[in-house]
Amino acid sequence: MDFLALIRPKSWLKNIFLYIPITFSLELTDLGKFFSVTVAFFAFCLVSSAVYIFNDICDAKRDALHPTKCKRPIASGAIKKPVAIVLMLFILAAGYTLSFLSDIYVSLFITAYVVVNILYTLKLKNIPIFDCFCIAAGFVLRVFAGGSAHGGGLSDWMFLTVVAMSLFMAFGKRRGELEKMGGGNSTRVVLSLYNTEFLDGIMFANAGLSIVFYSLWSMERGKDMIYTVPFIIFIVCKYLLLVFKSDSHGDPTSVIFASKTLIGACALYALLTIGLLYIGSA
């Protein structure tokens, strides 16, 4: 269980972003391209787990002071650092091997993801704004990797939607941490450089932009996709409510898994989208 906790399989949910390009390009039923994206998905799962291990190794002392992160395997001493390093290198190599099987450019996007996260862990997570843009960059790189794996691109409006939505979640994560931990907590230095007023404003701004950009994309896309906009509005509003609850740390994966309503709304949105794009155009 300790090794399972170390690689954080729940966070693999974030890699669903790789399927955005192939889904909206109406090529989800192309088995060859679907297989390529799925290989890239598992490559990102492995590499992201290696990144999480690297982060836990570097932050072990700080995590030991955190009320929840102190239970992480390295911070608690359940797994020793040398063992964690060996596991990190092994799954990183496995992830890169899979990425080459998908597409050479997927490997380049994975490299960019690794570099961004190394810079984030070592320096940028302590610099306000930069820290959230690094978090958002991880989601954007996933989308581009998915687009590369299936050989298609991403429309301008969808790109802007992903950027705004990623920043919305990133600043929401900081807002949740600030509310829960307080600005003076030593486990997250950057929190002392933020305040709730700024984070509330920037969250609402990116939430609004996400809805506007998605709405513009849906009207451009046609196929009655405009009818999915109310679901996006509901999901964004529900997510905001959960982040603003005092018992939330703002982590996107934790927020989603903690709410059956949010999971259900996301599932209904996915079903409606698939129906309109594929069944409606059949």
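The residues listed here are LEU268, LEU240, LEU216, LEU276; of these, the one that is touching a residue at least 12 places away in the same chain (Cβ under 8 Å) and closer than 21 Å to CYS132 by Cα is LEU240. Of note, LEU65 satisfies the criterion of being touching a residue at least 12 places away in the same chain (Cβ under 8 Å), more than 14 Å from the chain's Cα centre (by Cα) and assigned by TED's automatic domain parsing to the domain that holds LEU87. Taking the criterion of being under 11 Å from ILE22 (Cβ atoms) and over 11 Å from the mean Cα position of the chain (by Cα), the residues of segment 130-147 that qualify are GLY146, GLY147. Going by what's in this entry, would SER36 be described as assigned to a helix (DSSP H, G or I), in contact with a Ser or Thr (Cβ under 6 Å, 6 or more places away or on another chain) and not assigned by TED's automatic domain parsing to the domain that holds THR273? Yes. Residue pairs whose Cβ atoms lie under 7 Å apart, sitting 6 or more positions apart in sequence or on different chains, and linking a residue in segment 68-88 that is at pLDDT 80 or above to a partner that is of a type outside the set (Gly, Ala, Ser) and not in a helix (DSSP H, G or I), are PRO73/ILE79.
MET203 meets the stated requirement of being in contact with a helix residue (DSSP H, G or I) (Cβ under 9 Å, 6 or more places away or on another chain), crowded, with 22+ Cβ neighbours inside 10 Å and at negative phi. From the list TYR105, TYR113, which one is in contact (Cβ under 8 Å) with a residue 60 or more places away in the chain and among the aromatic types (Phe, Trp, Tyr)? On inspection, the qualifying residue turns out to be TYR113.
Report yes if VAL143 is out of contact with any Cys (no Cβ under 7 Å at 6 or more places or on another chain) and free of Cβ contacts under 8 Å to residues at least 12 places away in the same chain, otherwise no. So VAL143 fails the test.
With respect to LEU124, is the statement that it is farther than 19 Å from PHE54 by Cβ and either in contact with a helix residue (DSSP H, G or I) (Cβ under 8 Å, 6 or more places away or on another chain) or of a type in the set (Lys, Arg) (or both) true? So LEU124 does not fit the description; no.
At least 2 residues being at pLDDT 90 or above and not aromatic (Phe, Trp, Tyr) is the threshold, and among the helices (runs of 4 or more DSSP H) wholly inside segment 181-264 those reaching it are 196-221, 229-244.
The values are calculated or read from the model by the stated rules, or taken from the named source; none is laboratory data. Source: prediction; values computed, not measured. Because the Cβ atoms are built from the backbone with ideal geometry, glycine has one as well, and the counts that use them run over all protein chains shown.
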